[in-house]
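Presented below is the structure to which this report refers.
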Amino acid sequence: MKDFITLIRRFVPPYKKQVGLNLFFNILSAILNVFSFALIVPILRILFKVDETVYEYIPVDTSSVKNILDFKVLENNFYAYLSDMMNTHSGGAVLLGLGLTLVVMTMLKTGAIYLSAYFITDVRTGVVRDIRKQINDKILSLPLGFFSGERKGDIIARMTGDVGEVENSVMSSLDMITKNPIMILIYLATMLFISWELTIFVLVLLPVAGYIMGKVGKSLKRKSIEAQNHWGLLMSQIEETLSGLRIIKAFNAESKMEKRFDGSNNIFRGMSNRIARRQQLAHPMSELLGTIAVVFVLWFGGTLILDGSGSMDASKFIYYLTIFYLIINPAKDLSKSVYAIQKGMASVERIDKILNAENNIKSPANPKPIPFNAEISYRNVHFKYENNWVIKDVSITIPKGKTIALVGQSGSGKSTMADLLPRFYDVNDGGIYIDGVNIKDANVHDLRALMGNVNQEAILFNDTFFNNISFGVENATMEQVIEAAKIANAHEFIMATEDGYDTNIGDRGGKLSGGQRQRISIARAILKNPQILILDEATSALDTESERLVQDALERLMQNRTTLVIAHRLSTIKNADEICVMHEGEVVERGHHDDLFEKNGYYRKLCDMQQF
């Protein structure tokens, strides 16, 4: 419960008003419930002649609140009023009057119950919405390095399955947690008022039952964490299957993937069964414990009445039993909600793994401006993802308006060099400077605002052409988007679609060819009009015809712009102002294409391999 209270303190404060109103109506409904069932006593005493006492009206001293609220005087005057009614009216009429009073009080009670549920619903849905927003915002703020160590499917599972579990288990129990303890406390107070001896006896029984229920709840949370982790693995497999469907079919591996999924699915089913069975144990166990408690109360209370040693008569004892029975349902609901909370808190732990993740790519408290008038400078840069150095003591200068190309075999560190410039990752040693300002000392948003990216895989969204091209540019007009598309050689095929720029391009641009996707990506970069352009293998995945169109678009984009080009195809970077040849994280050669080719070194080998 400590973890649950911590969760409430984290997420509920914005909804203090709703929680306050919920508590008020819960208290009101419990009080009305007590008073409505109190009508049992006069019915037994007067209508069925259980009590032969003659009641006479006692004048009330109105000099103080204490006198006005004197319970014994109020009780006596109530019975005196009923006695008068019995003398002047038939017993049936008095019974009908008491029945109508019960109906009115029940209407008020049910109205209070509805209003308490009405206000707590706001809290439940609001907290779940806030958790989803926090996860989404955190995912957007976390550096790329966080996701290299996490399965994408597992992160999706936390945003869907785990948040859903919090909604179904923790937040759905919030009403029970706010309502049931109040009802139990008010009922216990009433029982204490009727007979303190019998209530003390009851209070000895309740902790024993609570201890038994708690032991089962602890193991439930542990098993729930294991199940939710396995659910993340299952979601990862689904995500991998969707992403790799083309390869699965090409290699006739459907049966292999089926077996893989079935194995994980059956394991998850077994875990879910064990959790559900243990959770279902809450209701019968609480009912059994409640029945045992009722039997003990009947025995002890009956003994007090038969011996004449208690302060109760038979009618009050029946009322006492009624109130005690009223406690059993909230106690059972409370135990069920404790089970549900234990199960849901396992999901909260998995959600917190994202929410508590450290973001080491931050803007400084007092960022320096980066106007970019002269050059970009990599100075003795060292970087590693985990243990092995990926970049080793690299120094490169990119003058403003020039094009610098990075070439080399896969794994030589080219793409990592490009990722370090916009601070997708931070260097371990050395530094990257723009006009003498270390990029770590600049505002991250301002730094990335200088740059535009065109990657090997065009990352597009399930939206229209217009929204994909204008992505990241506020208030872009149709004229600006069309101009950017024309420069990127994309306007003609866009207009050939059914709705033109309002046509949806499908998931990840699935309705387009590779060359078309890449030209949309270039149009997006053109519209942003960045000072610094990063081209990461922008044409390596294209056929010759598409490459020609894309290369033409890229050349237009690169005009009068500072460009960092990463390329496998050396034909695309022959005109670069400087080519840096990388091998195992180091720059081994640098210069113009012709000079490097004549050196007959590592660059020449790369060229010869491609010509071959």
Which of HIS445, HIS230 comes first, and how do the rest follow, when ranked by fewest Cβ neighbours within 10 Å? HIS445, HIS230
For the stretch 356-453, how big is Rg over Rh, using alpha carbon atoms and the Kirkwood form of Rh? 0.95
Given points 7 Å out from each Cα along the Cα-Cβ axis, report the THR125 to LEU23 separation in nanometres with one decimal. 2.4
Under 22 Å between C-alpha atoms is the cut-off here; go through the stretch 337-393 and count lysine pairs that meet it, provided they're at least eight residues apart or on different chains. 4
Which log10 I(q)/I(0) values, to two decimals, does the stretch 375-611 give at q = 0.12, 0.16 Å⁻¹ under the Debye formula with one point per Cα? -0.69, -1.14
Spherically averaged projected area of the stretch 413-475 from its Cα convex hull (nm²): 5.9
Looking only at aspartates and glutamates whose Cα falls under 12 Å of LYS152's and that sit 8 or more positions away or on another chain, we get GLU239, GLU240
Suppose each label sits 7 Å from its Cα in the direction of the beta carbon; what would the ARG269-TYR114 distance come out to in nanometres? 4.4
Given points 7 Å out from each Cα along the Cα-Cβ axis, report the LYS256 to GLU197 separation in nanometres with one decimal. 7.9
Once the in-chain neighbours fewer than 8 apart are removed, the aspartates and glutamates whose Cα is under 18 Å from LYS16 read ASP122, ASP130, ASP175
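Where a number appears in this text, it was derived from the coordinates with a stated rule and is not lab data. All of these numbers come straight from a predicted model, not from anything done at the bench. Methodologically, a virtual Cβ is constructed for each residue, glycine included, from the backbone with ideal geometry; neighbour enumeration extends over all protein chains shown.
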